[in-house]
Each structure stands twice: as C-alpha cells, then as structure tokens.
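First comes the structure, then the notes that go with it.
Any read-out appearing in this document is the output of simple, stated calculations on the displayed coordinates, not a laboratory observation. If you're wondering where the values come from, they're calculated on a predicted model, not measured in any experiment. In this analysis, Cβ positions are derived from the backbone assuming ideal geometry, glycine residues included, and neighbour counts consider all displayed protein chains.
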Amino acid sequence: MQRIMIIGGPGSGKSTLARALVDRLDLPVVHMDPIYWKGDWILRDPAQVMQMARTAADASAWVFDGNHSRSMAYRAERADLIVMLDMPRSVRMWRVLWRSARFYGRTRPDMGPNCPERFDWAFLKFCWNYQTDGRLSALQFVTEWSDRCATRILRSRAEVEVFLTDLVVRCPHSPLATPPPSQ
C-alpha cells in the first residue's frame with residue numbers, strides 16, 4: 001500500500017491519522033492545506049491549487065490528507081486506499097475548538113506558511129454545517145469509488161485505532177509490523 005487518501009470533515013482527525021500512517025508505513029505525507037493556502041491566509045488561484053494537488057498525487061507514494069473536492073477524483077484514481085473519517089459533529093467541533101485554542105496565534109505544522117490559528121466564526125459555521133453539506137457528498141464519493149478502490153469509513157476513535165493496528169499487521173514493510181508467528 002503506497003498511496004492512502006484521507007478525507008473527512010474539519011476536526012475529524014485527518015492530519016492526525018496521516019501522521020500516524022506516515023510513522024507506521026514510512027510514506028511521505030501531503031497535506032492539502034498548504035496547497036490551498038499560499039500563506040498569510042491568502043488562497044491560491046484555483047487552477048494552481050488543482051495543478052499542485054495533481055502533481056503531488058502523481059508521486060509514487062503518499063498519505064494525502066484533505067478534501068478539496070475538485071481534486072478528489074484525480075487523487076482517488078491513484079489511491080490504493082481511500083479512508084473517510086466520519087466523526088460525529090460533537091467530536092469534530094470539540095476538536096476544532098481545542099485545536100484553535102491550542103495553536104492560537106501559531107501556525108499548525110500541517111497548515112500553509114504564516115497562517116496562525118485563530119477563532120473564525122465563518123469557519124466554525126462551515127464546520128458545523130459540514131454534517132449536512134460536505135459529509136453527504138463525501139459519503140457518496142466513497143460509495144462511488146468503493147468498487148474501484150479499497151475504501152474504509154471510520155466513525156470513532158476506536159475504529160481508527162483498530163484500523164491502524166490492522167494496517168500495520170498487513171503491511172510487512174512497516175517498521176512497526178510484527179512478523180507472523182513461526183510454524
């Protein structure tokens with residue numbers, strides 16, 4: 001498994017899962033936010049975002065964290081596995097608020113340059129509305145791709161932990177994989 005695509009709502013744990021997979025599988029990580037944000041909270045031109053996402057997706061190996069619906073199909077065509085984190089709204093909102101407080105005034109490691117964390121009511125509204133807007137589109141996307149690519153929908157922290165444990169056992173090149181018992 002060389003290409004893993006992670007999608008889900010804000011605060012669902014996409015970047016956290018990406019870092020865990022990178023640590024376990026020794027794959028490079030691609031975060032969508034630095035592609036999307038030029039820096040100083042300035043959006044890149046949509047054509048440039050698409051080109052950068054495609055270029056990153058053309059690499060031979062990656063864990064790709066982020067939604068960006070315009071490039072999702074292109075990334076999915078190259079993915080070995082698509083993971084959707086479908087966490088409850090209450091969990092996602094708590095994580096977004098905690099992340100904002102924890103990194104307030106500082107740029108998160110998975111964010112574009114000089115984009116310090118802030119409390120932004122428009123973003124909080126977007127996060128809240130994801131449950132009825134983006135979530136349904138993401139679920140439909142995963143369903144449509146399930147016959148062409150391995151897919152997983154994880155709905156709790158416990159499911160994420162089981163997924164990570166199972167993945168390490170199934171991927172023998174992982175530095176954390178344990179060898180099968182000898183016969």
Along each of the three principal axes of the Cα atoms of segment 13-130, give the extent in whole Å, ordering the values from largest to smallest.
-> 37, 30, 26
Taking Cα atoms, the helix 69-78 axis meets the longest principal axis of the chain at an angle in degrees (rounded to 10) of 20
Spin-label model distance (nm) - Glu117 vs Gln140, 7 Å beyond Cα toward Cβ | 3.3
Using a basic spin-label model with each label point 7 Å from the Cα along Cα→Cβ, how many nm lie between Arg157 and Arg70?
-> 3.6
Taking K and R as +1 and D and E as -1, what net charge do the other residues with C-beta under 9 Å from the C-beta of Val63 add up to?
-> +1
Nearest-ten-degree value, helix 134-145 long axis tilted from longest Cα axis of the chain | 30
Taking the simple approach of a point 7 Å from Cα along Cα-to-Cβ for both Gln2 and Ile42, what is their distance in nm?
-> 3.7
Mean separation of Cα contacts under 8 Å (6+ apart) over length of segment 1-85, as relative contact order % | 53
What residue among Trp94, Trp62, Trp37 has the largest mean-square fluctuation in a Gaussian network model of the chain, using Cα springs under 10 Å?
-> Trp94
With charges only on Cβ, +1 for K and R and -1 for D and E, what is the dipole size of segment 3-170 about its Cα centre, in debye, rounded to 20?
-> 380
Which of His31, His68 comes first, and how do the rest follow, when ranked by fewest Cβ neighbours within 10 Å?
-> His68, His31
Any idea what angle helix 14-25 forms with the longest principal axis of the chain, computed on alpha-carbon atoms, 0 to 90 degrees, nearest 10?
-> 30
What value does segment 96-135 have for Rg/Rh, both radii from Cα atoms and Rh as Kirkwood defines it?
-> 1.03
Would you compute, from DSSP H runs of 4+ residues alone, the mean residue ellipticity of the chain at 222 nm, taking -39500 (n - 2.57) per run and dividing by the full residue count, rounded to the nearest 500?
-> -15000 deg cm²/dmol
Can you give the charge dipole size of segment 20-66 about its Cα centre, rounded to the nearest 20 debye, using +1 on the beta carbon of Lys and Arg and -1 on the beta carbon of Asp and Glu?
-> 120
Relative contact order as a percentage, the chain, C-alpha pairs under 8 Å and 6+ apart, gives 31
Of the residues Met5, Val22, Val160, the Cα lying farthest along the dipole of the chain towards its positive end, which is defined by charges on the beta carbon of Lys, Arg, Asp and Glu, belongs to Val160
Neighbour-count ranking for Arg106, Arg24 (other C-beta within 10 angstrom, fewest to most) reads Arg106, Arg24
